[in-house]
């Protein structure tokens, strides 16, 4: 597995103290659910979801914060996914608007399409297409894997791979201004905190990942990537829908535009 397609998380078994009870009256109270067990259960549900999911669509807002300059850049766009985990999965992302550090917004229009192991970036303004190979032919790859995938969209993560490289715990919803739209419905959300295990490639640059999911459907509500140098990327999903069918506007994101007369830069894996 190459570094662009790695994802991970862990579950820790908690020891519980035993309490004696009279043999004539055995306790029927259920054992308490530990935070580790709860995190493991969420990972189990995520993995099952990834095996059965047919489609996903949402609008997204991305905030990139640079600690050194304390500058923020915001991007607004849309994402569409079709297919369960595996080589047949297709992903489309379009960046509709970019708001720079001065607060000035401008239309963007760049489109990213992942299919059959290739990530293609289309820039209609520059009439340029960049095709990056992130998986060899026939290699099963999931570009949505949290951590190294090019799209921070937590959908259907294999639990065994998660626990191999991350320590996973339950966490409260982050108290961040960028996530304030989620605060009013915090009870309907569940948050996982993923910390890269020592010695893994992600541990060199990433301090933690926070996955905020809808408690009932596990549709992503937000993702926060915290770098060890203080940089941070936060993504908020709006109107996220799983297995609701893609409407024409979102389905269009999965198709490549006409690139006749465009400059094309092909970058295969070495």
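A short reminder: the numbers here are calculations on the coordinates, not readings from a lab. Just so we're clear, the structure is a prediction, and the values are computed from it rather than from any experiment. Please note: Cβ atoms are built from the backbone with ideal geometry, for glycine as well, and neighbour counts cover all protein chains shown.
Determine, for 179, 119, the number of other Cβ atoms within 10 Å of each Cβ, and report the residues in order from fewest to most. Don't skip to the end; give the middle numbers.
Working: 179 19, 119 22.
Least to most surrounded, the residues fall as 179, 119.
For the stretch 195-266, calculate the relative contact order in percent as a whole number, restricting contacts to Cα pairs under 8 Å that are 6 or more residues apart.
Working: 72 pairs, mean separation 13.9, N = 72.
Result for the stretch 195-266 is 19 percent.
Quick one: 110, 136, fewest Cβ neighbours within 10 Å first, how do they rank?
Numbers: 110 18, 136 11.
Ascending number of Cβ neighbours within 10 Å: 136, 110.
Under a crude label model (7 Å from the Cα following the beta-carbon direction), how far is residue 88 from residue 183 in nanometres?
4.5
Given the Cα-Cα distance of residue 73 and residue 41 and 0.36 nm per residue of separation, how much length would full extension add, in nm? Don't jump to the answer; show the numbers that get you there.
On the way: separation 32, 0.36 × 32 = 11.52 nm, distance 3.52 nm.
Gain on extension, residue 73 to residue 41, equals 8.0 nm.
Can you tell me how much longer the chain between residue 198 and residue 136 gets when fully stretched, taken as 0.36 nm per residue apart minus their C-alpha distance, in nm with one decimal?
19.5 nm
Quick one: if the Förster radius is 45 Å, what FRET efficiency do residue 260 and residue 54 give, using the C-beta to C-beta distance and rounding to 0.05? Present the calculation step by step, with values, prior to reporting the outcome.
Values: r = 32 Å, r/R0 = 0.72.
Plugging the Cβ-Cβ distance into 1/(1 + (r/R0)^6) gives 0.90.
Can you work out the FRET efficiency for the pair residue 270 and residue 217, with r the C-beta to C-beta distance and R0 = 41 Å, to the nearest 0.05?
Working: r = 40 Å, r/R0 = 0.98.
Result of the calculation: an efficiency of 0.55.
Taking Cα pairs under 8 Å and at least six residues apart, what relative contact order does the stretch 34-267 come out at, in percent? Don't skip to the answer; put the middle values down first.
Numbers: 508 pairs, mean separation 57.5, N = 234.
Computed value for the stretch 34-267: 25 percent relative contact order.
So if we plug the beta-carbon distance of residue 164 and residue 228 into 1/(1 + (r/R0)^6) with R0 = 22 Å, what FRET efficiency do we get, rounded to 0.05?
On the way: r = 21 Å, r/R0 = 0.93.
Efficiency, from the Cβ-Cβ distance: 0.60.
If we count other beta carbons within 10 Å of each Cβ, what is the order of 64, 263, fewest first? List each step's numbers first, then the result.
Numbers: 64 16, 263 11.
Ordered by Cβ neighbours within 10 Å, fewest first: 263, 64.
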